[in-house]
Amino acid sequence: MQVLKFDWNPITGIDIAGNFKIHFYSLMWVVAFILGWYIMKRIFTKEKVSLDYLDPLFIYTVLATMLGARLGHVLFYQSELISQDFFSIFLPFKFKGGFEFTGFQGLASHGAAIGIIIGMYLYRRKYKYKSVLWILDRIVIPVASGAIFIRIGNFINSEIIGKASGDFPLGVRFIQDQYYKREIVQRTGIKDVQEAYNAVTENPKFLNLLEAVPYRHPSQLYESFCYIFVFLILWYFYSKTPKRDQTGFLFGLFLVLLWTIRFFIEFTKEPQGEEYINWFGLNTGQWLSIPFVLIGFYFMFVYKSKQTIK
């Protein structure tokens, strides 16, 4: 059904000066964090926890998420940066092949998850009002909501793209992923990069270039849509059931739901990074997801808290 197939060639940000621009992907992160803050504020208010603890929790979560996500991407998908362009790991610039402002590119959700767990442990060492698992049981709710927007940001950026969709009724041609800046300028002869990309989809002269771009699964949107249900399920168990008071249950449920979804969505994705695993037909993201699911089942059905929630 051709009506469910379309070309995707968006403006990915707002140009400010030179190579510097405000990326819509970055704005999705901002939305995720702000929404998460309001969700946690509602949880703190509901459970009569002092809001003095909220802002430090927000700071720890932001730093742990971003640092964990970046280091996770480098370790799991792009370890060559350690030797080839070390400072680009921590700074929003590319140094190899010429200096360029890139923003913080390359963030791995598995690394973010590990970072958040470590961050909450460090936060709990300083602020001792509740247990680490009490905090994790609640922080996963805004994390699930944030994941929705992060994947939308990936779609806007034409990154983490899906495999060729073939005869599947839903497909997207990611123009900007197929042609990089230098290549699209050479192929079209148009010096302005965005105009060159637009010409591929709008100018009949360049239809032959468009025909070379395959339709792909919009895996980012599949994942984002599924995360809506992860958030709703977590919120239901938190607000409507006594499972809220079973220490570790919500944290475990989050791990099982989110990483099970990630495991199956990976079948529709192209491999990420120059170094990736492909063992027994499973890729890096899938192998990394399996331990999280197993840990989740442990906290849901095996773990018994030695403390009583007050």
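Data table
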item	result
Residue tally, condition in contact with a helix residue (DSSP H, G or I) (Cβ under 8 Å, 6 or more places away or on another chain) and either among the polar types (S, T, N, Q) or under 23 Å from ASN154 (Cα atoms) (or both), over the range 67-88	13
Checking LYS191 against (1) within 24 Å of HIS23 (Cα to Cα); (2) free of Cβ contacts under 8 Å to residues at least 24 places away in the same chain; (3) part of a helix (DSSP H, G or I), the condition it does not meet	(3)
Single residue of the range 160-201 satisfying the filter (of a type in the set (Gly, Ala, Ser) and touching a strand residue (DSSP E or B) at 6+ places or on another chain (Cβ under 8 Å)) that is surrounded by the most Cβ atoms within 10 Å (Cβ to Cβ)	GLY162
Some residue of the range 48-68 being β-branched (Val, Ile, Thr) and outside any helix (DSSP H, G or I)	yes
Selected residue [at pLDDT 95 or above and either in a loop (DSSP other than H, G, I, E, B) or within 16 Å of the chain's Cα centre (by Cα) (or both)] from PHE254, PHE297, PHE237	PHE254
Residue satisfying all of: in the range 159-193; over 25 Å from the mean Cα position of the chain (by Cα) and of a type in the set (Gly, Ala, Ser); nearest to PHE6 (Cα to Cα) among these	GLY166
Sole exception among (1) surrounded by 14 or more Cβ atoms within 10 Å (Cβ to Cβ); (2) under 24 Å from ILE152 (Cα atoms) for PHE297, by number	(2)
Residue list for the range 130-175, restricted to those being small (Gly, Ala, Ser) and out of contact with any Pro (no Cβ under 7 Å at 6 or more places or on another chain)	SER131, ALA144, SER145, GLY146, ALA147, GLY153, SER158, SER165, GLY166, GLY171
Residues of the range 80-100 classified as of a type in the set (Gly, Ala, Ser) and in a helix (DSSP H, G or I), total	2
In the range 194-224, residue nearest to the chain's Cα centre (by Cα) [restricted to those that are acidic (Asp, Glu) and either outside any helix (DSSP H, G or I) or within 23 Å of ASN154 (Cα to Cα) (or both)]	GLU223
Number of the exception - TYR127 against (1) under 23 Å from PHE237 (Cβ atoms); (2) touching a residue at least 24 places away in the same chain (Cβ under 8 Å); (3) more than 19 Å from the chain's Cα centre (by Cα)	(1)
The range 147-163, residues that are of a type in the set (Gly, Ala, Ser), over 15 Å from ILE265 (Cα atoms) and part of a helix (DSSP H, G or I)	GLY153
Of all residues making up the range 51-94, the number that are closer than 19 Å to LEU136 by Cβ and touching a residue at least 24 places away in the same chain (Cβ under 8 Å)	15
Members of the range 115-159 that are among the polar types (S, T, N, Q) and either over 23 Å from GLN246 (Cβ atoms) or buried (at least 21 other Cβ atoms within 10 Å of the Cβ) (or both)	SER145, ASN154, ASN157, SER158
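The values are calculated or read from the model by the stated rules, or taken from the named source; none is laboratory data. In this text, all values refer to a predicted model and were calculated from it rather than measured experimentally. FYI the Cβ positions are ideal-geometry reconstructions off the backbone, even for glycines, and counts take in every protein chain you see.
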